[in-house]
Amino acid sequence: MRRPGAPASWIWWRMLRQVLRRGLQSFCHRLGLCVSRHPVFFLTVPAVLTITFGLSALNRFQPEGDLERLVAPSHSLAKIERSLASSLFPLDQSKSQLYSDLHTPGRYGRVILLSPPGDNILLQTEGILQTHRAVLEMKDGRNSFIGHQLGGVVEVPNSKDQRVKSARAIQITYYLQTYGSATQDLIGEKWENEFCKLMRKLQEEHQDLQLYSLASFSLWRDFHKTSILARSKVLVSLVLILTTATLSSSMKDCLRGKPFLGLLGVLTVCISIVTAAGIFFITDGKYNSTLLGIPFFAMGHGTKGVFELLSGWRRTKENLPFKDRVADAYSDVMVTYTMTSSLYFITFGMGASPFTNIEAVKIFCQNMCVSILLNYFYIFSFFGSCLVFAGQLEQNRYHSIFCCKIPSAEYLDRKPVWFQTVMSDGHQQTSHHETNPYQHHFIQHFLREHYNEWITNIYVKPFVVILYLIYASFSFMGCLQISDRANIINLLASDSPSVSYAMVQQKYFSNYSPVIGFYIYEPLEYWNSSVQEDLRRLCSGFTAVSWVEQYYQFLKVSNISANNKSDFISVLQSSFLKKPEFQHFRNDIIFSKAGDENNIIASRLYLVARTSRDKQKEVIEVLEKLRPLSLSKSIRFIVFNPSFVFMDHYGLSVTVPVLIAGFGVLLVLILTFFLVIHPLGNFWLILSVTSIELGVLGLMTLWNVDMDCISILCLIYTLNFAIDHCAPLLYTFVLATEHTRTQCIKTSLQEHGTAILQNVTSFLIGLVPLLFVPSNLTFTLFKCLLLTGGCTLLHCFVILPVFLTFFPPSKKHHKKKKRAKRKEREEIECIEIQENPDHVTTV
């Protein structure tokens, strides 16, 4: 019946929503009937898939060996600049002892020698030389090194030429000759292993010095070490989740309690993850440590479906056949679960799109999409079959744990108390007017009898509003302090040699930037005074190692005039580059000969910038300032250092997946605004998800979590986790027909609060073992997922139950409808009063 004043278009949209909702419910009901009629088939097919793909995963397991490919931006200007630098100055033509390998790190070994506090490393020459000789005596090593970096330097007071008084540390770098040859690369890898062993041996011999070593493979080794350290902890997490799910699914009622269903639900998610891993390795995927988060992500979504199906089963009528009860549970739960699974697939699918510039994020999102699809299939097939068998046992009055017939009430009355406790089916607890014995589930009882009344109390609401204002304030404050530093240390095992080396390097060698290559890739009139002035202006503010400056100084000291091209190049080749102290500059200049005329077609300089403690941020600022100058000045140049590959536009690269995923969620919710269930449900869902996402983002920033690939993946997951838990609560609220908003929110919490609390509790307890993995990657994962679960729980049980009682949708029209129906019943009723006034007959 059309409501007075309602436009025809609104009625049309409302009818369309109802048709779609009932169509989806009808489909899910038929799906439930199909599963309940063929449970063995739906149980066998997933098991066979898991065995097939699981064995394939074991045979094809292979770790990813290229760390740069994983965590550096895939498409960046720095990689193009590296290619150009490599083409101009190939490695096999560089023989300089100092900076020849600047444009690619290649194979190398580095060591920092640190003197005890208060001592001077410059007085430890014997230990330094012994270490240096031991390295040079190693086989297949290259007889060149860089020993120019002193750390913790104290200068002579009032010294005009900045003479060094003492230093705390010295850093030495050894490069290897591995010019792309596979054989030489294997030899270099062996040399690096021997180098690390040698440093550990020398550390035992030189107790007065501390040695911190690093090789080119160290970062990859310590990145992969996280997976090795986390193996046992992941198993502990699984045991904790299994225990929590089993206990939370239990009841005192031995007939209606479903502890094994909670256990089987978690195992269902596990075997779906194993199947997804098998598919990944069959398609030539390579494992990396960032994939460690997939079990936790998939478990958080999968167990939500498990607990919702259990709650849906409890809401069905007990007197129905078990097949119909399964179908009713599917029609009640699977519509929302299908929608949330679709959003998972859309958001992570966008994260796996070509717009994502971090390969580790792309690989993770691809695997997550496969895991979500298999998760959904296994929940409605494998776990649905388990629910069918459990329902059949319940209908035939079998014990939910021991699977034996439950004795009658008369038989139990003659038995001891312990036997009655173990074998009781709840007949004593259920009163004559209580039609739903599942109300005795301890979580549902707590919510119905205690929590719902407390959170909707008028005196509690002001404190909840104040709590939300505090939450929003801290979130906003954190969002203003977001850090997107590309610190590779955040992905390594925390007790690894690479982290120790990086900490010492940051402490004692942060006063200067890494050596930056300044490559001039076009012919230039170096003899022109204006060009010379432009070069000085570009290099101002840097400590430069420049053949140009040395050559100008040489001409000045030698009193030689070279103001034209022929004189400039002639003196450069015949005099300057032949002197022993300047011969190493030959590798920094590329000459070409056209007839009898020589030209300089390219050259390179080296710059070092003065930095403060936040070295990386300042290096990025230097890079961003120099690049625009290469386009605006007459001098065409590029600047490069191997670390630029990781830094270049990293902040934009890591934030794009979250923006794309968030835009995808927003777009889907807006497009379904007038199609799915109720438009106000989508509106409230958008607000809730935004609040949770910004809360996690701000709080994790305040918790010193940087924006790296792990935290970005967690933020994408937060979008979906929030929708997963808020959507059923909100849609039940907007569709409820009680008289007041307070009664509607009580109904919502009573229907979905148990599943939400079960899932979030299992999820958070499963994160605890990650605290005991000594890895920065798992610390980041723990912090982000803890905030995700905590903020979602806060919104579902505290913020939304209070705020929904203040704002639309209004429930007045439901109240008017019920009053009209009651009035209609009163008019139909005819009360006949007999002579006896106490005798009332209703006709």
*Collect the residues in segment 509-523 that are at pLDDT 85 or above and either more than 22 Å from residue 583 (Cβ to Cβ) or β-branched (Val, Ile, Thr) (or both), keeping them in residue-number order.*
520, 521, 522, 523
*Tell me, please, whether a residue that is in a helix (DSSP H, G or I), within 29 Å of residue 540 (Cβ to Cβ), open to solvent by 40 Å² or more (accessible area, probe 1.4 Å) and modelled with pLDDT of 70 or more can be found in segment 646-665.*
yes
*Run down 258, 304, 317 and say which single residue is under 22 Å from the mean Cα position of the chain (by Cα) and farther than 19 Å from residue 53 by Cβ.*
304
*Among what's in segment 512-558 and is among the β-branched types (Val, Ile, Thr) and part of a helix (DSSP H, G or I), pick the residue that is most open to solvent (accessible area, probe 1.4 Å).*
557
*Of the conditions (1) open to solvent by less than 20 Å² (accessible area, probe 1.4 Å); (2) part of a helix (DSSP H, G or I); (3) under 23 Å from residue 474 (Cβ atoms); (4) not hydroxyl-bearing (Ser, Thr, Tyr), residue 756 fails just one. Which one is it?*
(3)
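Quick one: which residue in 226, 246, 275, 290 is open to solvent by less than 40 Å² (accessible area, probe 1.4 Å), polar (S, T, N, Q) and within 30 Å of residue 399 (Cβ to Cβ)?
Among 226, 246, 275, 290, only 246 is open to solvent by less than 40 Å² (accessible area, probe 1.4 Å), polar (S, T, N, Q) and within 30 Å of residue 399 (Cβ to Cβ).
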*Starting from segment 65-82, take each residue that is over 23 Å from residue 218 (Cα atoms) and list its partners that are in a loop (DSSP other than H, G, I, E, B) and not basic (Lys, Arg), counting only C-beta distances under 8 angstrom and pairs at least six apart or across chains.*
75/357; 76/357; 76/648; 76/649; 77/648; 77/649
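Per-residue answers, yes or no, for (1) touching a Leu at 6+ places or on another chain (Cβ under 9 Å); (2) at pLDDT below 90; (3) β-branched (Val, Ile, Thr):
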{"site": "700", "(1), (2), (3)": "yes, no, no"}
{"site": "717", "(1), (2), (3)": "yes, no, no"}
{"site": "720", "(1), (2), (3)": "yes, no, no"}
{"site": "728", "(1), (2), (3)": "no, yes, no"}
{"site": "758", "(1), (2), (3)": "yes, no, no"}
{"site": "766", "(1), (2), (3)": "yes, no, no"}
{"site": "770", "(1), (2), (3)": "yes, no, no"}
{"site": "775", "(1), (2), (3)": "yes, no, no"}
{"site": "788", "(1), (2), (3)": "yes, no, yes"}
_Against the condition under 20 Å from residue 338 (Cβ atoms), under 16 Å from the mean Cα position of the chain (by Cα) and either part of a helix (DSSP H, G or I) or in contact (Cβ under 8 Å) with a residue 60 or more places away in the chain (or both), how does residue 384 come out, does it pass?_
no
*Looking at segment 14-123, what helices (runs of 4 or more DSSP H) fall wholly within it and have at least 3 residues that are modelled with pLDDT of 80 or more and aromatic (Phe, Trp, Tyr)?*
39-60
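Let's see how each residue does on (1) open to solvent by 50 Å² or more (accessible area, probe 1.4 Å); (2) within 21 Å of residue 262 (Cα to Cα); (3) part of a helix (DSSP H, G or I); (4) at pLDDT 90 or above:
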position	(1), (2), (3), (4)
393	yes, yes, yes, no
411	yes, no, yes, no
422	yes, yes, yes, no
428	yes, no, no, no
445	yes, yes, yes, no
449	yes, no, yes, no
462	yes, no, yes, yes
474	yes, no, yes, yes
*Could you tell me whether any residue of segment 561-575 is closer than 30 Å to residue 509 by Cα and under 56 Å from the mean Cα position of the chain (by Cα)?*
no
*Quick one: in segment 482-494, of everything that is modelled with pLDDT under 85 and assigned to a loop (DSSP other than H, G, I, E, B), which residue is nearest to residue 778 (Cα to Cα)?*
487
*Kindly indicate the residue of segment 155-172 that is modelled with pLDDT of 80 or more and closer than 21 Å to residue 514 by Cα and also most open to solvent (accessible area, probe 1.4 Å) among those meeting that condition.*
168
*Under the condition of being assigned to a loop (DSSP other than H, G, I, E, B) and more than 12 Å from the chain's Cα centre (by Cα), which residue from segment 697-726 is surrounded by the fewest Cβ atoms within 10 Å (Cβ to Cβ)?*
704
*Quick one: in segment 69-81, of everything that is over 15 Å from residue 710 (Cα atoms) and open to solvent by less than 50 Å² (accessible area, probe 1.4 Å), which residue is farthest from the chain's Cα centre (by Cα)?*
81
*asked:* Cβ-Cβ under 9 Å, sequence separation 6+ or interchain: first residue in segment 565-579 and outside any helix (DSSP H, G or I), partner small (Gly, Ala, Ser). Which pairs?
replied: 575/558
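I'd like the full set of residues that are surrounded by fewer than 19 Cβ atoms within 10 Å (Cβ to Cβ) and in contact (Cβ under 8 Å) with a residue 12 or more places away in the chain, limited to segment 20-30.
Scanning segment 20-30 gives 20, 21, 24, 25, 26, 30.
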*Which of the residues belonging to segment 342-363 are crowded, with 24+ Cβ neighbours inside 10 Å and among the small types (Gly, Ala, Ser)?*
351, 360
*Within segment 309-334, which residues are among the β-branched types (Val, Ile, Thr) and either open to solvent by 60 Å² or more (accessible area, probe 1.4 Å) or not in a helix (DSSP H, G or I) (or both)?*
316
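Go through 232, 213 for me and flag whichever is in a helix (DSSP H, G or I) and either under 20 Å from residue 776 (Cβ atoms) or open to solvent by less than 20 Å² (accessible area, probe 1.4 Å) (or both).
232
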*Out of segment 249-265, which residues are free of Cβ contacts under 8 Å to residues at least 60 places away in the same chain and part of a loop (DSSP other than H, G, I, E, B)?*
250
*Taking interchain pairs and intrachain pairs at least six residues apart, which have beta carbon atoms under 6 angstrom, with the first residue in segment 495-506 and on the phi < 0 side of the Ramachandran plot and the second open to solvent by 30 Å² or more (accessible area, probe 1.4 Å) and in a loop (DSSP other than H, G, I, E, B)?*
495/774
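The values are calculated or read from the model by the stated rules, or taken from the named source; none is laboratory data. Remember, predicted model here, so these are calculated numbers, not experimental data. Note that each Cβ is placed from the backbone with ideal geometry, even for glycine, and that neighbours are counted across all protein chains shown. These accessible areas exclude ligands, DNA and RNA; they are computed on the full protein's heavy atoms, side chains included. Shrake-Rupley method; radii C 1.70, N 1.55, O 1.52, S 1.80 Å.
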